[in-house]
1. Size of the range 15-135 along its principal axes in angstrom, Cα-based, largest extent first?
2. Using R₀ = 25 Å, calculate the FRET efficiency as 1/(1 + (r/R₀)^6) where r is the Cβ-Cβ separation of residue 61 and residue 30; round to 0.05.
3. Suppose the chain between residue 151 and residue 76 were pulled fully straight at 0.36 nm per residue; how much longer would it get relative to their current alpha carbon spacing?
4. Quick one: if you take sqrt(5λ) for each eigenvalue of the C-alpha gyration tensor of the range 200-343, what semi-axes come out, biggest first, whole angstrom?
5. Pulled fully out, how much extra length does the chain show between residue 48 and residue 2, if you take 0.36 nm times their separation in residues and subtract their Cα-Cα distance?
6. Compute the acute angle (0 to 90°) between the alpha-carbon long axis of helix 249-261 and the principal axis of greatest extent of the alpha-carbon atoms of the chain; round to the nearest 10°.
7. Suppose R0 equals 30 Å; then what is the FRET efficiency for residue 213 and residue 282 from their Cβ-Cβ distance, rounded to the nearest 0.05?
8. Please give the length that would be gained between residue 83 and residue 235 if that part of the chain were fully extended, namely 0.36 nm times their separation in residues minus their C-alpha to C-alpha distance (nm, one decimal).
Ligand code: F6P
């Protein structure tokens with residue numbers, strides 16, 4: 001078979017491991033040939049690609065980022081986008097396409113499947129907010145990086161009797177904030193799923209410090225929002241998929257905490273450091289399992305489907321199931337587990 005491969009959306013540790021697994025099993029086991037499209041759907045629309053083979057994939061397993069490049073280009077926001085994508089796929093005589101991406105990339109894959117493209121999806125996002133799979137690769141790495149950062153922030157906060165507000169990624173869901181917050185012993189965790197009350201947070205920090213602790217780490221997901229009418233937050237600009245460009249809520253919260261509690265407060269925004277660098281062993285294994293399962297799905301003709309992890313097993317689910325609903329943080333994890341250590 002001739003198979004196209006692309007990576008779309010924000011990059012994520014483990015993308016290269018998926019590419020390597022798809023190509024390895026495809027070439028060696030099935031005798032496939034591969035075309036790697038550059039920069040996500042943009043490369044498909046513009047017909048920009050590179051040859052992918054086992055030789056080109058050497059050394060990819062531990063490498064962060066994606067050798068194919070990525071973008072947030074949405075063919076459905078580009079003139080004749082769908083038609084151009086279909087033309088490219090036909091020009092390369094492709095039998096199938098493997099699209100590795102998050103909600104937006106897989107949403108496009110699902111629409112293209114409706115237009116007759118034979119596509120299999122692989123779920124990716126450090127945010128871990130894709131439905132139908134228990135976890136996405138990249139999440140474990142991001143949590144590990146954020147936890148290590150929080151550990152470091154603890155010692156400097158303790159030395160100076162400070163509050164440090166640590167902002168992590170998490171646009172619609174606070175998975176990274178919750179996991180890294182629990183693993184790093186955060187005093188407060190703010191997530192997009194529940195609007196926060198700055199006054200309540202300050203009261204809780206004051207109560208905590210009254211018990212003899214003089215340093216606190218507040219972990220905030222970039223998508224966390226205050227309760228209506230409690231704190232003004234500037235609106236962010238939108239990207240091609242209509243998502244706000246987030247980042248900076250920590251800088252809004254920190255001066256408020258300092259003013260309302262009197263505790264000296266600092267800000268650390270982890271940003272893209274959470275997405276860069278080598279994947280953890282867990283993510284390398286998950287990405288490899290997904291890649292193998294994706295090329296198997298191609299050969300089984302399981303199109304318009306995505307590989308997923310459920311109860312420890314790799315399964316196939318309809319792409320529509322993956323993109324219609326976001327997977328958000330279980331409130332009991334936040335309140336009963338993380339919350340047991342607040343105040
Ligand atoms: O979607 C994953 C994500 O990491 C979000 O948490 C974040 O808002 C976004 O990517 C930022 O991506 P970029 O700066 O690449 O647009």
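Just so it is clear, none of the values below were taken in a lab; they were calculated from the coordinates. All figures in this text were calculated on a predicted structure; none of them were measured in a lab. Neighbour counts are summed over all protein chains in view; Cβ atoms, including those assigned to glycine, are modelled from backbone coordinates with ideal geometry.
1. The principal-axis extents, from largest down, are 38, 34, 22 Å.
2. 0.75
3. Contour length minus the Cα-Cα distance gives 22.7 nm.
4. 39, 19, 15
5. Full-extension gain reported as 14.9 nm.
6. With both axes taken from Cα atoms, the answer is about 10 degrees.
7. Rounded to the nearest 0.05, the efficiency is 0.40.
8. Full-extension gain reported as 51.3 nm.
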